[in-house]
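Scroll down for the structure; my scribbles are underneath it.
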Amino acid sequence: MCSVGIYIHIPFCVRKCNYCDFFSVSAQENKMDEYTKHLIASLRHWSERLADRFVDTVYFGGGTPSVLGTERLNRILEVVFSNFNVACDAEVTIEVNPNSTDRLDFTSLKINGINRISMGLQSADDAELKALGRLHTLSDACFTIDRFIRSGISNFSLDVMLGIPLQTYTSLDNTLDFCIKSSATHISTYMLKIEENTPFYYNKDGFIFADDDLQADYYDLTAEKLKRSGFRHYEISNFCKDNMISRHNMKYWILDDYIGIGPDAHSLLDGKRFYYPRSIEAYYEDNLLYESEGQTPEEYIMLSLRTDAGFCYEKYYELFKLTPTEELLSEARSLEKLGLVVVKPDSICLSEKGFLLSNSVISRLLNTGI
């Protein structure tokens, strides 16, 4: 029996953050009730299609899943566990924002299957949080962490943003110190990107943003500090302790099957990529759209190089009955001389410097022809 991951999109927020381009709408009680009803129907439909699979990861993303509240989330969890073949050691993650966790009973959620938290910290500096448009403070974050740890959920990830307004080397160092001292098992770091149709995009002149060089410095500081503190840099933007990787997100990088349920949620299943449109109404109509062929050699090289395991020749042959071309290996050896990759007898991996320049490095390897 093959495995599959389930991504459940919760498209509600109390308020959009200044940088956010993810699909979300205002968190109104009647809309959340209606959405929960449709989501449960979708899950039951997908359980029939995936009856021959076992589910080893479930991920509630958003939006802000925590605004649904405990009762709605428990109803969804009950449907997942009663309709799918969920592995006994499945990773079940929920994203939370500190300002909305007063709605949550973490003990109840743990009893019903949640065993991992991903919290949107972004910064441990209240002024930086305000500039980002976040509704929480550092005190709120501390309170939330204490609550879910006391419930027995000790596997948790914290998000940190790099290059945000008001950030300095000192404030970033303090944020990383907070994450380390919090006993987080996982830290995700993201460089700020100004997306169209966001408050930051429309008010670029109202903020001072880090340039590419400063963002690179922040990335280097982050990687060095977290590695010194015992974190494994297992993917370009992700660090973990004790091999506590995000098993769900790893599916994206190693081309495992997953389904995404909800507006703007994407799937990879049986070699096909498809998605629901960026509209709640279209999602309610079950309007799935074909995106592209998936699980291709190009995808494997591009995505595997995001991880510290890198492009594995044996896995490449297992998936596609292909071996790396001499042109690709020659380009990799050239990049190795520049300190951007490490060429091993059985794989090609990006170096720390290569992680920072991953887009151009991966592009050069793909352009050799595979």
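The values are calculated or read from the model by the stated rules, or taken from the named source; none is laboratory data. Here the structure is a predicted model, which means the values were calculated and not measured. We place every Cβ from the backbone using ideal geometry, glycine too, and count neighbours over all the protein chains shown.
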Region 26-54, residues that are surrounded by 15 or more Cβ atoms within 10 Å (Cβ to Cβ) and either within 27 Å of residue 133 (Cβ to Cβ) or not aromatic (Phe, Trp, Tyr) (or both): 27, 32, 35, 36, 38, 39, 40, 42, 43, 47, 50, 53
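Yes/no per residue for (1) crowded, with 19+ Cβ neighbours inside 10 Å; (2) assigned by TED's automatic domain parsing to the domain that holds residue 180:
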{"position": "212", "(1), (2)": "no, yes"}
{"position": "220", "(1), (2)": "no, yes"}
{"position": "263", "(1), (2)": "yes, no"}
{"position": "269", "(1), (2)": "no, no"}
Can you tell me which of (1) within 22 Å of residue 230 (Cβ to Cβ); (2) touching an Asp or Glu at 6+ places or on another chain (Cβ under 7 Å); (3) among the polar types (S, T, N, Q) is the one residue 137 doesn't meet? (1)
Assess whether residue 71 counts as being among the charged types (D, E, K, R), in the same structural domain as residue 198 (by TED's automatic domain parsing) and over 16 Å from residue 3 (Cα atoms). yes
Given (1) out of contact with any Lys or Arg (no Cβ under 6 Å at 6 or more places or on another chain); (2) touching a residue at least 24 places away in the same chain (Cβ under 8 Å); (3) closer than 30 Å to residue 10 by Cβ, residue 294 misses just (1)
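Residues checked against (1) of a type in the set (Asp, Glu); (2) touching a residue at least 60 places away in the same chain (Cβ under 8 Å); (3) outside any loop (DSSP other than H, G, I, E, B); (4) within 21 Å of residue 106 (Cα to Cα):
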residue: 57; (1), (2), (3), (4): no, yes, yes, yes
residue: 71; (1), (2), (3), (4): yes, no, yes, yes
residue: 75; (1), (2), (3), (4): no, no, yes, yes
residue: 78; (1), (2), (3), (4): yes, no, yes, yes
residue: 86; (1), (2), (3), (4): no, no, yes, yes
Kindly list, by first and then second residue, each pair from a residue in region 194-217 that is over 25 Å from residue 355 (Cα atoms) to a residue that is modelled with pLDDT under 85 and part of a loop (DSSP other than H, G, I, E, B), limited to pairs with Cβ atoms under 6 Å and residues at least 6 apart or on different chains. 198/21; 199/18; 200/18
Take the residues in region 142-176 that are of a type in the set (A, V, I, L, M) and in a helix (DSSP H, G or I), then tell me which one is farthest from residue 128 (Cα to Cα). 149
For residue 329, only one of the following conditions fails: (1) among the aliphatic types (A, V, I, L, M); (2) surrounded by fewer than 19 Cβ atoms within 10 Å (Cβ to Cβ); (3) in contact (Cβ under 8 Å) with a residue 40 or more places away in the chain. What is its number? (3)
One residue is enough: does region 348-365 have a residue meeting the conditions surrounded by fewer than 17 Cβ atoms within 10 Å (Cβ to Cβ), free of Cβ contacts under 8 Å to residues at least 24 places away in the same chain and farther than 29 Å from residue 218 by Cα? no
